[in-house]
1. Which is the longest stretch in the chain that no exposed loop site breaks, taking sites as GluC sites (Glu not before Pro) with a DSSP loop state and at most 10 other Cβ atoms within 10 Å?
2. State the cysteines of the chain left without a partner when partners are defined as other cysteines whose beta carbon lies under 4.7 Å away.
3. Summarise the accessible area of the range 38-140 (1.4 Å probe, protein heavy atoms) by the percent that is carbon and sulfur.
4. I need the Debye-formula profile for the range 80-131: one equal scatterer per C-alpha, no solvent, reported as log10 I(q)/I(0) at q = 0.18, 0.27 1/Å, two decimals.
5. Please give the contour-minus-distance gain from LYS86 to HIS137: 0.36 nm per residue of separation, less the Cα-Cα distance, rounded to one decimal in nm.
6. If each residue of separation counts as 0.36 nm, what is the full-extension length gain between GLU95 and THR42 once their alpha-carbon separation is subtracted?
7. Extension gain LYS59-ASN77, at 0.36 nm per residue separation less the Cα-Cα distance, in nm?
8. Leaving out ligands and nucleic acids, and using a 1.4 Å probe, what accessible area per residue does the chain come to in Å²?
Amino acid sequence: IDIRFGEPNLKTYYAPRYLRATWANARGICKAYDMDIATFETKNEMLAVSEMCKNNAKKLTTWVHIGGVTTIGRSSNWFWVTTGAKIDYEMIWNEGNPNNANGVQHCLSLGDEDYLFDDIDCYGKRHEDKFICQKIHTEA
């Protein structure tokens, strides 16, 4: 699926059909395919990908990993691992999130049936889920 954001770049999003991984391993898999884990520069971009997930929910898992992290103990400051940029737009969370359950939820996914932001354990085996990679194409 191609979604155009931020001329002159075109982002192609890809959720590997047969692969699942923890959040910590997902980025490495994306990199192996010459992509990176998905990031969203704007709220509208996040909502477009969220809608894409809802429309393909039967092919996905409850959580779909994306490339956001927070500093430990500060769940109000979220960053993109690909650029280090702070997420500076209003983040739309699943109800009750971010909750940093058990003090270990420092990574970001789109989750539940609405595929909104959800904090998760970066390394937890319980969260071997689908993930979204992105390829940014720059036009000449």
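1. 1-89
2. CYS53
3. Looking at the range 38-140 in its full context, I get 48 percent from C and S.
4. -0.63, -1.26
5. Answer, rounded to one decimal: 16.1 nm.
6. Difference between extended and current length: 17.0 nm.
7. So the extension gain works out to 3.4 nm.
8. For the chain, the solvent-accessible area averages 54 Å² per residue.
The values are calculated or read from the model by the stated rules, or taken from the named source; none is laboratory data. As the structure is a computational prediction, the values presented were derived from the model and not from experiment. All Cβ positions, even for glycine, are placed from backbone atoms using ideal geometry, and neighbour counts span all protein chains on display. Please note that ligands, DNA and RNA were not included when accessible areas were found on the heavy atoms of the full protein model with its side chains. Shrake-Rupley method; radii C 1.70, N 1.55, O 1.52, S 1.80 Å.
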